Amino acid sequence: MALSILYSYRRCPYAMRARMAIWAANIQVEVREISLREKPAHLLQISPKGTVPVLQLPDGTVLEQSLDIMQWALAQNDPQGWLNAAPEAVNALITINDGDFKKALDRYKYPDRYPEHTQAFYREQGEQFLQRLEAALAQHDYLLGDKPSMADVAIFPFIRQFAAVDAEWFASSPYPKLRVWLEHWLESALFAEVMQKFTTYIG
């Protein structure tokens, strides 16, 4: 039986969350790790935008968005119940993460590219989302309840990036619940599995 093909880039947070959902669903795929400088011709053929993740199903269907890939995988098999949380609440958090927070994150990571404001200013913008997550985690172990949901997995890779910009600052920041939550995902067997290194695909 032919496998679905997943074009991925190990450190990309969008690709990371897609892989986590696929792995959690126990779906076997052919992972094609790309080089950002030399993207495979087949990737550009099926998805001209050239960004990852991209999933091509055996019937030729192409999924070009990480959230669509997550939904597809978990619809096949959701052993941990990640889709059980209220869709409206999940979408609300992910929308902020992928919108205003991602914008602040990019500027916080690369302040030289955005000289209009200081790095501290961009960090404070991102902290608005961190404060919301900290408040949620003060109520329960995960973002939307006592069990993980798609929101946790979709947001985790981006919080990981934010924390890594200035690890010393994050370690002493007023977000203790968020640090525990982040550490849980970083130390999980699932994260270790999806972060294994694949040989770069040339094709």
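See the values below:
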{"item": "Segments classed as helices (runs of 4 or more DSSP H), wholly inside segment 117-198, with at least 1 members that are at pLDDT below 95 and not acidic (Asp, Glu)", "result": "none"}
{"item": "Residue selected from segment 115-141 under the condition of a type in the set (Phe, Trp, Tyr) and surrounded by 17 or more Cβ atoms within 10 Å (Cβ to Cβ), by the criterion farthest from residue 174 (Cα to Cα)", "result": "122"}
{"item": "Hits in segment 136-157 - residues which are among the aliphatic types (A, V, I, L, M) and under 26 Å from residue 74 (Cβ atoms)", "result": "136, 137, 143, 144, 150, 151, 153, 154, 155"}
{"item": "Test: residue in segment 142-151 that is of a type outside the set (A, V, I, L, M), over 30 Å from residue 37 (Cα atoms) and touching a Ser or Thr at 6+ places or on another chain (Cβ under 7 Å)", "result": "yes"}
{"item": "Near pairs, Cβ below 8 angstrom, 6+ apart or cross-chain, from segment 129-150 (under 18 Å from residue 97 (Cα atoms)) to any residue that is aromatic (Phe, Trp, Tyr) and assigned to a helix (DSSP H, G or I)", "result": "129/101; 130/162; 133/181; 137/181; 142/181; 143/181"}
{"item": "Matching option when the condition is touching a helix residue (DSSP H, G or I) at 6+ places or on another chain (Cβ under 9 Å) and closer than 25 Å to residue 162 by Cα, among 115, 79, 111", "result": "111"}
{"item": "Scan of segment 170-203 for residues that are touching a Lys or Arg at 6+ places or on another chain (Cβ under 8 Å) and either hydrophobic (A, V, I, L, M, F, W, C) or surrounded by 21 or more Cβ atoms within 10 Å (Cβ to Cβ) (or both), ordered by number", "result": "170, 171, 182, 185, 186, 194, 195, 198"}
{"item": "Residue match in segment 81-90 (condition: touching a Pro at 6+ places or on another chain (Cβ under 8 Å), under 16 Å from residue 148 (Cα atoms) and crowded, with 16+ Cβ neighbours inside 10 Å)", "result": "yes"}
{"item": "Segment 24-55 - residue that is part of a loop (DSSP other than H, G, I, E, B) and more than 22 Å from the chain's Cα centre (by Cα) and, of those, surrounded by the fewest Cβ atoms within 10 Å (Cβ to Cβ)", "result": "38"}
{"item": "Among (1) at positive phi; (2) touching a strand residue (DSSP E or B) at 6+ places or on another chain (Cβ under 9 Å), the one test that residue 10 misses", "result": "(1)"}
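The values are calculated or read from the model by the stated rules, or taken from the named source; none is laboratory data. Since we're looking at a predicted model, the values are computed, not measured. Ideal geometry is used to build each Cβ from the backbone, glycine not excepted, and the neighbour counts take in all protein chains shown.
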